[in-house]
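All remarks here apply to the structure that follows.
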Amino acid sequence: MRDYLQDDRNDKTRTQIYYAKQGKITGDMKAVAKVEKLDPEFIRSEIARGRMIIPANINHKKLVPMCIGINSLCKINANIGSSALSSNISQELEKVDMCLKYGADTIMDLSTGKDIDSIRKAVIAHSTVPIGTVPIYQIVADCNDDINKLTIENMLQTLESQAKQGVSYFTIHAGFLLENMPNIAKRKMGIVSRGGSLMASWMMHYHRENPFYEAYDDILDICRRYDVALSLGDSLRPGCLADASDEAQLNELKVLGELTLKAWDKDVQVMIEGPGHVPLNQIERNMKLEREYCHEAPFYILGPLVTDIAAGYDHISSAIGAAVGGWHGCSMLCYVTPKEHLGLPNAHDVREGIIAYKIAAHSADIARGRKGARDIDDAMSDARYGFDWNRQFELALDGDRAREYHDETLPQEVFKDAKFCSMCGPKFCSYKITQEIVEKENKKQKK
């Protein structure tokens, strides 16, 4: 059970930013400060400023609080979810277990198939990390898969239902306005976001403004009641390198900045979603523009993928971009799996995506000089130089995989005391040779 400490359970508003603005340090803030090795007052001030969020729905009782912000460790999100063609509750819970085992900081349930409500309920009950959703998927399902049947009323009803269940952050596509529609025609790949394409279809059918934009104040009221953070979605994120940093993307980003200020005025926490496909040389500029346009709200980026030709290996191409994005100031990385652009990820793909992004986030923390970030790397170096195999497996991001690869070519009975691996063998191990040289030199010095 979470300890709220100073926050009053009878308060009408119980969001982290509401208490932070009042100068109160909640139990969640204290828990986060301990993990981040930061002062609780610093955590409070960052949340009050809007540079940090603690996505922590008041109804997610099993939640272990975490934070997302430029002055904390870089986090990663893992996407799971069923599709109309595949997956069920047990398969989604297997993915949750994989996320928790390998260190995802948040999980997004992007289910679009059957039993969306039941899957989400089970996922929230099973998870100790915050759960995010893209509500438009269920809204469309509730409209019998006809986006044109969407109304403001059923949209808000779905949002409130998910908030009551314990969803800690919503991705809503509120920044895509009718006035930006002509810019889509200039693109090579149009709209790559599922939520964005659905909004475009609805707006063009009715020739009306984006319903999420129109009902934004009502959405904020729901978020404030349950402390649901908003992840303002990038409906017009580039789906290929040719569309990166174009007018459509940047115009939407400016609108997200306006929506951020409105959310803060209503004591709702906000982060901003960022681009998908961006050339390596444009990533730093994208990070700077988000901070400028969106008032330093935490940036949450998908990848970005730095090439369009890595099908089957997009967890690698995107992790390259993610590391650079993390280095230059984004707060959370949304993982990409090897199945990106190809199919629905299974538990194995989830594992591959998480590890790729844990590497990217950790690399970014080292580059940003986060306190203690490199300690585990130094410990790994000591273990390697000392041939302490078990310690290496303990320190590795995926110790199971490291042990598996090691034992594949060096039998268990041999490796216990082996001062080498199968790559170099006992005669050509550089560490062993170096240690022998140092030992001889030390003996000389003592004579």
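The values are calculated or read from the model by the stated rules, or taken from the named source; none is laboratory data. Since we're looking at a predicted model, the values are computed, not measured. No Cβ is skipped: glycine too gets one built from the backbone with ideal geometry, and neighbour counts run over all protein chains shown. Each accessible area value is taken on the protein alone, full model and side chains, heavy atoms only, with ligands, DNA and RNA left out. Shrake-Rupley method; radii C 1.70, N 1.55, O 1.52, S 1.80 Å.
Values computed for the structure shown
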read-out: Accessible carbon and sulfur surface of segment 261-317 relative to its total accessible area, %, 1.4 Å; value: 54
read-out: Calculated FRET efficiency for the pair residue 153/residue 280, C-beta based, R₀ 56 Å, to 0.05; value: 0.80
read-out: Candidates 267, 115, 407: whichever shows maximal mean-square fluctuation once the chain is modelled as a Gaussian network with Cα springs under 10 Å; value: 407
read-out: DSSP-defined beta bridges in the chain - what % are antiparallel, rounded to 5; value: 10
read-out: Links that overshoot a 28 Å alpha carbon limit, given the list 149/188; 34/62; 75/262; 339/371; 30/266; 37/254; value: 149/188; 339/371; 37/254
read-out: Mean Kyte hydropathy of -0.5 or more with a Cα span along the axis of at least 27 Å, helices from DSSP in the chain; value: 247-265, 347-367
read-out: Ranked by how many other beta carbons lie within 10 Å on average, peptides 49-55, 245-251, 269-275 from highest; value: 269-275, 49-55, 245-251
read-out: Low-density loop positions, trypsin sites (Lys or Arg not before Pro), segment 117-176 - DSSP coil, at most 16 other Cβ in 10 Å; value: none
read-out: Accessible-area value, residue 255, 1.4 Å probe, nucleic acids and ligands omitted, Å²; value: 10
read-out: Set of aspartates and glutamates with alpha-carbon distance to residue 444 below 17 Å, sequence-local pairs under 8 removed; value: 436
read-out: Distant-in-sequence amide H partners of residue 56 (H built 1.01 Å from N, under 5 Å); value: 229
read-out: Rounded Å value of the spacing that divides the Cα centres of segment 314-377 and segment 100-138; value: 20
read-out: Dmax and Rg, reported as Rg then Dmax, of segment 283-340 (C-alpha, Å); value: 11.7, 36
read-out: Cα shape, segment 45-187, gyration tensor, a/c 1.5 rule; value: oblate
read-out: Residue among 383, 323, 367 with the largest mean-square fluctuation in a Gaussian network model of the chain, springs linking Cα atoms under 10 Å; value: 383
read-out: The chain: most fluctuating residue of 260, 171, 158 per GNM, C-alpha cutoff 10 Å; value: 158
